[in-house]
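Participant: Quick one: this structure, given as structure tokens, is what I'll be asking you about.
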Amino acid sequence: MNTVILKFGGTSVADNIKLNVVAEKVMSLKKEAKNVVVVVSAQGKTTNQLIKEAQELSAIPEEREMDMLLSTGEQITASKLSILLNRKGFPAISLTGWQAGIKTSVIHTSAKIEQICIERLEKELKKGKIVVVAGFQGYNENQDITTLGRGGSDTTAVALQVALKADKCYIFSDVDGIYSADPNMITMAKRLDEISFDEMQEIADSGAKVLHDRCIQMGKKFDCDIIAKSTFSEEGGTKICQQIETSEVKSIVKNENLVMIEVDNPEVYAVYECLLQNNIIVEAYEEKENGVQFRIKKTEMNKVIELLDSQFSTNQVKRRELVKVSIIGYGIVQDNEILKQVIEILKKHHIKMIDIHLTQAKIEISVEEIENYIIEELHQKLIKNN
């Protein structure tokens with residue numbers, strides 16, 4: 001191999017002991033590839049801790065300042081790993097997002113990569129160095145630090161793969177691939193050898209914390225070779241690739257991180273326009289008889305409620321938590337038997353459905369609540385064991 005990109009998530013670099021495991025894996029792959037670029041996340045729960053500390057100072061901190069704060073976590077990891085690699089005799093250099101030439105859109109906390117100037121990267125690689133890049137971050141036209149959203153280090157890695165024309169991109173975590181369900185929730189969940197970009201996109205969009213959604217979009221667009229593997233095992237792995245010609249259920253995702261917001265009697269487009277102007281992405285925006293309703297992530301709730309209180313103070317605003325269950329597999333909507341089996345199981349357990357949405361690769365059902373044993377029953381009924 002000429003060039004390879006390695007990305008390590010927060011659990012892989014959580015402490016100095018695990019950093020040594022990562023360093024050994026990096027050194028091993030350096031022996032196989034001429035050029036190695038490593039993208040790292042913040043260690044362990046660093047990002048969560050920084051968010052908590054910021055919210056102790058302000059309920060809704062300024063987004064520019066949050067980007068400045070949160071970007072430090074990845075920078076710490078990058079420098080520590082470089083220190084370790086250099087001590088072990090493998091020349092390495094750490095780069096922040098802006099030092100790596102990653103230019104993004106102006107938007108803070110969810111910026112998109114617009115271009116990568118690879119001059120500095122190529123310069124360091126020509127010296128034979130392992131380049132360790134702080135993931136999840138870049139800079140905008142105002143010379144401000146920006147971040148790509150939670151999980152954005154995956155997108156950093158795939159973007160660098162595209163820019164450097166790398167042979168492969170490995171996404172390492174504490175799990176040995178992509179599973180048919182959350183293995184911490186469903187005991188019978190099985191690892192998938194391969195999955196299509198379309199199916200992987202639906203899994204990410206459904207709320208599974210597996211791969212960043214924009215890294216999948218980029219991988220599909222540029223036909224990248226992405227492999228999800230475990231940092232701590234040589235076994236397993238899942239290849240994410242172009243369309244697979246099978247029509248079967250690949251994964252079931254339960255997402256509890258959602259809130260339904262209802263606004264009584266606004267001008268029909270006013271709320272949606274207000275949300276867009278404030279860079280808030282909503283799901284399933286619907287006009288009802290006496291108002292509108294839409295879904296947001298729980299993490300956006302404080303921001304949205306404050307916005308609605310200030311802009312629509314005369315309108316009644318209600319909120320309620322909900323759960324989204326996604327049945328994923330390319331082409332499954334063509335098989336009526338699958339949806340029939342899902343409905344039968346939900347009906348048997350008296351699960352109250354809020355709505356159903358269908359796409360080419362997903363059956364998505366919103367419910368008020370659902371226990372894990374029902375998800376396990378759906379898994380047992382719908383997903384093949386071999």
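The values are calculated or read from the model by the stated rules, or taken from the named source; none is laboratory data. These numbers come from a predicted model, not from an experiment. Quick reminder, even Gly has a Cβ in these numbers, built from the backbone with ideal geometry, and neighbours come from all protein chains shown. Accessible surface areas use protein heavy atoms only, side chains included; no ligands, DNA or RNA. Shrake-Rupley method; radii C 1.70, N 1.55, O 1.52, S 1.80 Å.
Participant: So residue 200 clears everything in (1) closer than 30 Å to residue 27 by Cβ; (2) modelled with pLDDT of 90 or more; (3) more than 17 Å from the chain's Cα centre (by Cα) except one condition, right? Which one?
Facilitator: It is condition (3) that residue 200 fails.
Participant: Moving on to the next point. Could you check region 253-267 and list, in sequence order, the residues that are open to solvent by less than 40 Å² (accessible area, probe 1.4 Å) and assigned to a loop (DSSP other than H, G, I, E, B)?
Facilitator: Within region 253-267, just 266 meets the criteria.
Participant: From the list 71, 110, 79, pick out the single residue that is farther than 30 Å from residue 280 by Cα and either out of contact with any Lys or Arg (no Cβ under 6 Å at 6 or more places or on another chain) or modelled with pLDDT under 95 (or both).
Facilitator: Working: 71 fails: farther than 30 Å from residue 280 by Cα; 110 fails: farther than 30 Å from residue 280 by Cα.
Within the list 71, 110, 79, the selection yields 79.
Participant: From the list 55, 43, pick out the single residue that is open to solvent by 60 Å² or more (accessible area, probe 1.4 Å) and under 23 Å from the mean Cα position of the chain (by Cα). Quick ask: steps written out before the conclusion?
Facilitator: On the way: 43 fails: open to solvent by 60 Å² or more (accessible area, probe 1.4 Å).
Sole residue among the options that is open to solvent by 60 Å² or more (accessible area, probe 1.4 Å) and under 23 Å from the mean Cα position of the chain (by Cα): 55.
Participant: Exactly one condition in (1) touching a strand residue (DSSP E or B) at 6+ places or on another chain (Cβ under 7 Å); (2) in a loop (DSSP other than H, G, I, E, B); (3) open to solvent by 20 Å² or more (accessible area, probe 1.4 Å); (4) more than 25 Å from residue 240 (Cβ to Cβ) is not met by residue 370; state its number.
Facilitator: Only one criterion is unmet by residue 370, namely (3).
Participant: A follow-up question, please. If only one of 22, 13, 26 is of a type in the set (Val, Ile, Thr) and either in a loop (DSSP other than H, G, I, E, B) or in contact with a His (Cβ under 6 Å, 6 or more places away or on another chain) (or both), which one is it? Let's see the steps before the verdict.
Facilitator: Details: 22 fails: either in a loop (DSSP other than H, G, I, E, B) or in contact with a His (Cβ under 6 Å, 6 or more places away or on another chain) (or both); 26 fails: either in a loop (DSSP other than H, G, I, E, B) or in contact with a His (Cβ under 6 Å, 6 or more places away or on another chain) (or both).
The match here is 13.
Participant: While we're looking at this one, here's another question. Please determine, by comparing only the residues of region 22-31 that are under 19 Å from residue 160 (Cα atoms) and open to solvent by 10 Å² or more (accessible area, probe 1.4 Å), which one is nearest to the chain's Cα centre (by Cα). Don't jump to the end; show me each part of the working.
Facilitator: Quick first cut of region 22-31, residues under 19 Å from residue 160 (Cα atoms) only: 26, 29-30.
Imposing the further condition that a residue be open to solvent by 10 Å² or more (accessible area, probe 1.4 Å) reduces the set to 29-30.
Details: 29: 25, 30: 27 Å.
Going through the qualifying residues, I end up with 29.
Participant: So which pairs qualify, if the first residue must be in region 1-19 and in contact (Cβ under 8 Å) with a residue 24 or more places away in the chain and farther than 16 Å from residue 76 by Cβ, the second must be of a type in the set (Lys, Arg) and in a loop (DSSP other than H, G, I, E, B), the Cβ gap must be under 6 Å, and the two must be at least 6 apart or on different chains?
Facilitator: These pairs meet every condition: 2/34.
Participant: Now a separate question. All but one of (1) assigned to a loop (DSSP other than H, G, I, E, B); (2) out of contact with any His (no Cβ under 9 Å at 6 or more places or on another chain); (3) at negative phi; (4) touching a residue at least 24 places away in the same chain (Cβ under 8 Å) hold for residue 236; state the number of the condition that does not hold.
Facilitator: (3)
Participant: A follow-up question, please. Within region 190-211, track down each residue that is assigned to a loop (DSSP other than H, G, I, E, B) and either touching a helix residue (DSSP H, G or I) at 6+ places or on another chain (Cβ under 7 Å) or crowded, with 19+ Cβ neighbours inside 10 Å (or both).
Facilitator: Within region 190-211, the first condition is being assigned to a loop (DSSP other than H, G, I, E, B), and the residues that meet it are 190, 193, 206-211.
Correct list: 206, 208, 210, 211.
Participant: Being farther than 27 Å from residue 71 by Cα, open to solvent by 50 Å² or more (accessible area, probe 1.4 Å) and among the acidic types (Asp, Glu), is that true of even one residue in region 169-181?
Facilitator: No, region 169-181 contains no residue that is farther than 27 Å from residue 71 by Cα, open to solvent by 50 Å² or more (accessible area, probe 1.4 Å) and among the acidic types (Asp, Glu).
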